[in-house]
Amino acid sequence: MPRPAYRALERVTMRTRIPLTSAAAALTLTLAACGTSSGSSATASDSTGPASQTVSIGFISQAPRNDSGFTQYGLAGVNAAIAAQKNLKLSSIVDNVSNSQEQIKGLQTLAAGNSIVVADGASLNKAVQVVAPKYPKVRFILVAAHTESFADNVTSVDAAVGYDAIVVGAVASTLSKSKKLGMLAGLQVPASASWYYGMVQGAGLDTSGAKVVQTYTGDYNDVGKAKQAAEAMIATGVDSILSDLDSGSQGVYQASDAASSTVDVYQVFGLDCKAGKNIIGSGVVNWSAILQDSVTAAAAGNLPAGAISYGLAKGAVKFEFCPGKATPAAKELADKVTKQLIGNEITPAANVLLPKPSYAFAQR
Amino acid sequence: MLMRQQLPRVLITAGVIVAAALIASLILLASGVAPAAAVSAFWEGTFGNSANAGTTLTQAVPLLLVALGWIVATRAGRLHVGYPGQVIAGGALATAIGLHCGGLPGPLAVLATALAGIAGGALWAGLTAWLWASRGVLEIISSLLLNLVAVQVAAWLVRGPLQGSASQDPQTDNFPLSTIWPSFPGVPGQTLSYDVVLLPICAVIVVLLLSRTVFGFGLRASGGNGEAARWSGIDPKRGGVAAIVISGGFAGLAGAALLFAGTAPWMSDGFEAGVGFNGIAVALLAGNSPIFAILTAIVFASLNVGGTALQATLDVPSSLAEVLQGAVIVLVLLAAVLAGRRRGRTPATQPAAATKSLALVGTEEV
């Protein structure tokens with residue numbers, strides 16, 4: 001193309017582009033301003049007190065709702081509360097929200113249409129802190145997380161998994177031949193750290209000097225990563241693994257089954273002995289009971305703000321063996337340690353329990 | 001003339017959007033959700049009120065910034081995919097600076113975080129550029145691998161030096177108020193950040209840079225034919241390095257925008273949220289046009305935000321938005337191949353167009 005013609009075309013192109021850009025900018029700002037002007041706060045104020053007395057519940061989680069673990073058990077607790085009380089209704093579920101922006105958006109969407117919002121997981125704590133003050137009439141239940149400060153409409157409910165972890169550590173240490181125990185978790189969040197430190201303390205109750213190693217895969221549901229991590233542990237001599245994973249636990253079972261020598265596996269949250277042939281037992285956490293209790297109280301307006309930790313006394317945490325897997329000595333040891341923990345004869349060490357927050361706190 | 005030039009791109013973009021809508025409708029029907037109800041919920045969740053519209057537009061900004069980075073790099077003939085890592089590097093450096101800028105006045109603190117973001121992304125991209133220029137390492141390989149390194153570095157940072165003092169969670173403390181990028185006070189929830197003005201400004205800057213400057217001409221010449229550029233006295237290696245570093249700067253700024261312009265003023269695992277790769281798709285859907293990329297960035301942001309609304313209101317699986325984004329990328333690639341074949345049948349106009357379309361380089365002539 002001749003140079004003058006090219007220049008002319010360029011001028012035309014630029015003359016057209018600048019108005020196009022301006023129009024695009026104007027459009028974007030107009031779109032932002034042309035809404036119905038019903039802001040989030042306004043919507044929130046409409047969400048409570050429906051005429052039918054139905055209390056609607058929204059549920060949000062970082063993991064998928066059918067993760068065979070933490071989220072699924074929590075959701076089961078909400079459904080149990082709904083089954084027990086006819087006026088409760090689970091209206092919305094938002095799952096798989098992994099980053100903070102998505103979490104905030106999801107929480108806002110749920111808060112705009114529900115009276116109770118259950119935020120299931122530690123990673124949601126800051127998002128709840130941001131959103132809850134904007135919806136003062138909505139009750140937020142934050143599961144398995146504490147944070148620096150809470151609004152008056154937030155209650156954090158948690159399981160003192162450290163108690164379970166101490167029992168697991170004691171039992172695993174007794175049954176282990178190599179005296180090398182492993183703890184495999186997704187993210188290094190406080191709840192997962194509790195499992196590790198609890199196991200360390202439990203293993204220390206035995207005089208054999210068993211060691212505990214920990215590995216974080218970065219994902220509670222990635223089977224491949226879990227299998228690789230478990231295989232790596234086994235290669236270093238670990239013969240007892242606690243799997244603080246959800247769907248990812250399948251990888252641990254596979255690694256255990258394929259190992260040349262016996263590798264015991266301990267589950268958390270629920271007990272599913274059919275999932276693998278080497279499963280010894282589980283540090284059961286009855287999230288269903290915890291969520292049912294808290295959601296029912298929230299619906300009745302009786303749930304206090306602050307933090308509530310559910311422990312051995314209420315049966316929210318408890319170590320259970322798979323049938324036929326408990327040696328008499330191991331069973332006796334588990335019972336003994338449990339009784340000592342309930343009787344405060346064993347005091348959880350540092351990091352075994354989540355630190356008590358500065359605001360209202362209750363141990364149940 | 002201009003209309004004739006733009007028409008194919010407009011048709012391709014419209015065709016891709018229509019095809020994606022059809023795919024979405026089929027998925028919705030398969031999920032037992034009426035498409036009309038889904039459209040209503042989607043609109044309500046994205047632009048149905050000021051707060052949601054603000055969220056959508058604010059989320060479009062980082063997508064556009066990454067898209068502009070891609071456009072600059074590809075125009076210089078450098079196909080790298082290190083945007084996720086550069087977003088993370090930019091966000092991490094901005095966080096490190098921002099957490100210590102609480103004592104600065106607001107405008108200075110905001111500027112410091114933005115510049116830190118640009119610097120972080122540019123430095124990370126500089127590694128790719130250096131490996132390519134000095135060692136001949138393919139930039140697409142090195143940048144891809146550096147993404148993995150960046151993810152691990154970020155994971156270490158939020159569990160180590162940047163971890164919040166009051167929490168055991170892998171998150172930083174909240175950023176000081178003075179560092180938060182301001183938002184429009186009239187929008188409820190203050191969801192619309194002022195950084196939305198970056199949409200047109202950055203797009204125009206890239207257009208002007210590439211079309212009205214000697215530097216831009218050098219980049220385009222390097223990307224068009226390196227040998228010819230060299231004979232003309234242009235160093236294509238220098239152009240390539242500059243393009244990669246500039247694209248990293250854009251991605252780094254996107255990282256800073258994600259953290260400081262959003263409603264979540266802290267850094268945690270996964271804050272990048274797929275923006276790095278989605279930004280590439282934004283550019284592809286726009287035919288590598290900086291101006292069209294504004295619209296496609298809003299489309300992609302709508303998919304993200306609307307996906308959450310669809311899930312909350314109609315229980316549509318959250319993966320639908322990701323499926324749609326993937327479908328858009330496949331459709332864009334398909335459209336590029338078809339366009340390349342069409343051009344291949346008319347060799348008198350553009351002999352190398354088919355190859356270029358496949359590589360998705362230089363689709364737009366600025």
Among A:Lys211/A:Lys336; A:Lys179/A:Lys318; A:Lys274/A:Lys318, the pairs whose Cα-Cα distance exceeds 28 Å are none
Please enumerate, by chain and number, the lysines with C-alpha under 27 Å from the C-alpha of A:Lys89, excluding those fewer than 8 residues away in the same chain.
A:Lys105, A:Lys126, A:Lys134, A:Lys137, A:Lys314
To check you understand DSSP bridge types, tell me what percent of the beta bridges within the protein assembly as shown (both residues inside) are antiparallel, rounded to 5.
15
The range A:202-243 and the range A:140-168 have their Cα centres apart by a whole-number Å value of 24
Tell me whether the range B:87-230 comes out rounded, prolate or oblate; compute the Cα gyration tensor, take square roots of the eigenvalues as a ≥ b ≥ c, and use a/c under 1.5 as the rounded threshold.
oblate
Taking only C-alpha pairs under 8 Å that are 6+ residues apart, what is the relative contact order of chain B in percent?
30
Ranked by how many other beta carbons lie within 10 Å on average, peptides A:87-97, B:252-262 from highest
B:252-262, A:87-97
In what sequence, highest mean first, do A:162-172, A:63-73, B:105-115 appear when ranked by Cβ atoms within 10 angstrom?
A:162-172, A:63-73, B:105-115
Ordering of B:72-84, B:13-25 by packing [mean C-beta count within 10 Å, highest first]:
B:72-84, B:13-25
Å² per residue, accessible surface of chain B at 1.4 Å:
40
Estimated dipole of the range B:205-280 in Debye, rounded to 20 [Cβ of Lys and Arg +1, of Asp and Glu -1, Cα centre]:
360
Highest GNM mean-square fluctuation, chain B, Cα pairs closer than 10 Å: which of B:Gly85, B:Gly223, B:Gly103?
B:Gly103
In Å², nearest 100, what accessible area do chains B and A bury in total when the solvent probe is 1.4 Å?
4600
Please give the calculated 222 nm ellipticity per residue for chain B, where each DSSP H segment of at least 4 residues contributes -39500 (n - 2.57) and the sum is spread over every residue; nearest 500 deg cm²/dmol?
-24000 deg cm²/dmol
Report, as an integer, the average count of C-beta atoms from other chains found within 10 Å of each Cβ along A:59-67.
1
Once Lys and Arg get +1 and Asp and Glu get -1 on their Cβ, which of B:Ala254, B:Phe217, B:Pro176 lies farthest toward the positive end of the dipole of the range B:156-254?
B:Phe217
Shielding by partners, peptide B:53-64 (average Cβ within 10 angstrom, other chains):
3
Report Rg(Cα)/(2.2 N^0.38 Å) for chain B, keeping two decimals.
1.00
Under 15 Å Cα-Cα from A:Lys180, which aspartates and glutamates qualify once same-chain neighbours fewer than 8 residues away are excluded?
A:Asp206, A:Glu231, A:Asp239, A:Asp264
Report, in deg cm²/dmol and to the nearest 500, the calculated mean residue ellipticity at 222 nm for chain A, where each DSSP H run with n ≥ 4 adds -39500 (n - 2.57) and the sum is divided by the residue count.
-14000 deg cm²/dmol
Specify whether the C-alpha gyration tensor of chain A places it in the rounded, prolate or oblate class, a ≥ b ≥ c being the square roots of the eigenvalues: rounded for a/c under 1.5, otherwise prolate if a/b is larger than b/c and oblate if not.
oblate
Peptide-level mean, for B:259-268, of C-beta atoms on other protein chains within 10 Å:
4
Using only Cα atoms, tell me the angle between helix A:100-113 and the longest principal axis of chain A; keep it within 0 to 90° and round to the nearest 10.
80
Using a Gaussian network model of chain B with C-alpha springs under 10 Å, which one of B:Ala30, B:Ala327, B:Ala286 is most mobile by mean-square fluctuation?
B:Ala30
Dimensions (Å) - the protein assembly as shown, Cα atoms, principal axes, largest first:
94, 63, 55
Scoring the range A:224-264 by relative contact order with C-alpha pairs under 8 Å, at least six apart, yields a percentage of 53
Chain A: relative contact order from alpha carbon pairs under 8 Å, six or more residues apart, as a whole percent, is 17
Those aspartates and glutamates that a straight Cα-Cα span of less than 20 Å connects to B:Lys237, excepting residues fewer than 8 apart in one chain:
B:Glu139, B:Glu227
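The values are calculated or read from the model by the stated rules, or taken from the named source; none is laboratory data. Since we're looking at a predicted model, the values are computed, not measured. Because the Cβ atoms are built from the backbone with ideal geometry, glycine has one as well, and the counts that use them run over all protein chains shown. Just the protein is used for accessible areas: all its heavy atoms, side chains included, with ligands, DNA and RNA removed. Shrake-Rupley method; radii C 1.70, N 1.55, O 1.52, S 1.80 Å.
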